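The values are calculated or read from the model by the stated rules, or taken from the named source; none is laboratory data. These numbers come from a predicted model, not from an experiment. Positions of Cβ are backbone-derived with ideal geometry, glycine not excepted, and every protein chain shown enters the neighbour counts. Heads up: the accessible areas ignore ligands, DNA and RNA and are worked out on the full protein's heavy atoms, side chains in. Shrake-Rupley method; radii C 1.70, N 1.55, O 1.52, S 1.80 Å.
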Amino acid sequence: ASVPQHWTTYKRLRDQHKPQAKVICQMGNMFNEVQDMIKEGVVEALMASTIPFPVPSSLNVVFYHQEMPMINYAPPPVKKAIKSFVHLLPEPEIYEQYKKALPEFEWKAYGAMCPDGVLNGIRTVYKEMQESSFIWNVKPRGDGYGWNWHSAFMCGRPVITNFSDYEDKLGGLLFQHGVTGIDLEEASLEKNVQRIRELSQPEQMQSLCLNARTRFESVVNYDKEAEEIREFISKKSGEVK
């Protein structure tokens, strides 16, 4: 069951019709209701693709990364490009400020209700990401997992972001200012523009891109997490760790 509104219903169905079955509560975002539902005993087995948080020792839990298709690393393009892949283009005024200040870059914003339309298929998204110098990812309040965020790092592309939106999220583990991306909150518009220009030079750009891919590979280990998920699933309902 993948949203809290379903967890109680699935548990009731289990209790009434299949008492030996196991209800797994899958958590793909930072749901506010979770702690209360754990205390109330609604959650017996929790599978969370979020940053780890404290849970009772009696709870069967596994924290993991949602698996995405992997592609080979490709070096950054010669043509300078900054692209966004977040639906609705949050904070469009900031995007337009930097677009105006950096006219030598190609700027694209893809997604629902975005100026450059919707991309169809994950391979198309990856292709556009690989043809980017930086990935623009300004998204207030961040999110629980961050598919676009993780995809950018997997493709080996540094992000331009307001890092305070991500520092307490799972994706925050991938970011280091000046190493795997640029935190716009670290400096003024003028200084950030200068920094983007400096880091977009071929040698610096290559280093940033390699750093992003290397950081992804050091943080995300699907094989290890698969074993942890197998152990999680094998436990009987209510079994204490």
Q) Any chance the range 73-93 includes a residue that's touching a residue at least 40 places away in the same chain (Cβ under 8 Å), under 23 Å from L210 (Cα atoms), open to solvent by 20 Å² or more (accessible area, probe 1.4 Å) and aromatic (F, W, Y)? A) yes
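Is the range 167-189 home to any residue that is more than 21 Å from E96 (Cβ to Cβ), small (G, A, S) and over 11 Å from the mean Cα position of the chain (by Cα)? Show your work before the answer.
Going through the range 167-189, the residues more than 21 Å from E96 (Cβ to Cβ) turn out to be 167-180.
Applying the additional criterion that residues be small (G, A, S) yields 171-172, 178.
So of that shortlist, the ones also over 11 Å from the mean Cα position of the chain (by Cα) come out as 178.
Yes - at least one qualifying residue is present in the range 167-189.
Based on this model, can you work out whether K108 counts as farther than 25 Å from S2 by Cα, open to solvent by 30 Å² or more (accessible area, probe 1.4 Å) and assigned to a strand (DSSP E or B)? Write out each step before concluding.
Numbers: farther than 25 Å from S2 by Cα: yes; open to solvent by 30 Å² or more (accessible area, probe 1.4 Å): yes; assigned to a strand (DSSP E or B): yes.
Yes, satisfied.
Among the residues of the range 1-60 satisfying the criterion of being of a type in the set (G, A, S) and under 29 Å from G172 (Cα atoms), which is most open to solvent (accessible area, probe 1.4 Å)? Working first, answer last.
Going residue by residue through the range 1-60, those that are of a type in the set (G, A, S) are 1-2, 21, 28, 41, 45, 48-49, 57-58.
Pick out the ones that are also under 29 Å from G172 (Cα atoms) and you get 1-2, 28, 45, 48-49, 57-58.
Working: A1: 28, S2: 63, G28: 11, A45: 4, A48: 0, S49: 0, S57: 90, S58: 69 Å².
By that ranking, first place goes to S57.
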Q) Within the range 164-196, can you find the residues that are among the polar types (S, T, N, Q), exposed (fewer than 14 other Cβ atoms within 10 Å of the Cβ) and within 18 Å of F105 (Cα to Cα)? A) Q194
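Considering every residue within the range 132-150, establish whether at least one is in contact (Cβ under 8 Å) with a residue 12 or more places away in the chain, assigned to a loop (DSSP other than H, G, I, E, B), more than 22 Å from M68 (Cα to Cα) and not β-branched (V, I, T).
Going through the range 132-150, the residues in contact (Cβ under 8 Å) with a residue 12 or more places away in the chain turn out to be 132-150.
Among the residues that remain, those that are also assigned to a loop (DSSP other than H, G, I, E, B) are: 132-133, 137-146.
Subset that is more than 22 Å from M68 (Cα to Cα): 140-141.
Subset that is not β-branched (V, I, T): 140-141.
Yes.
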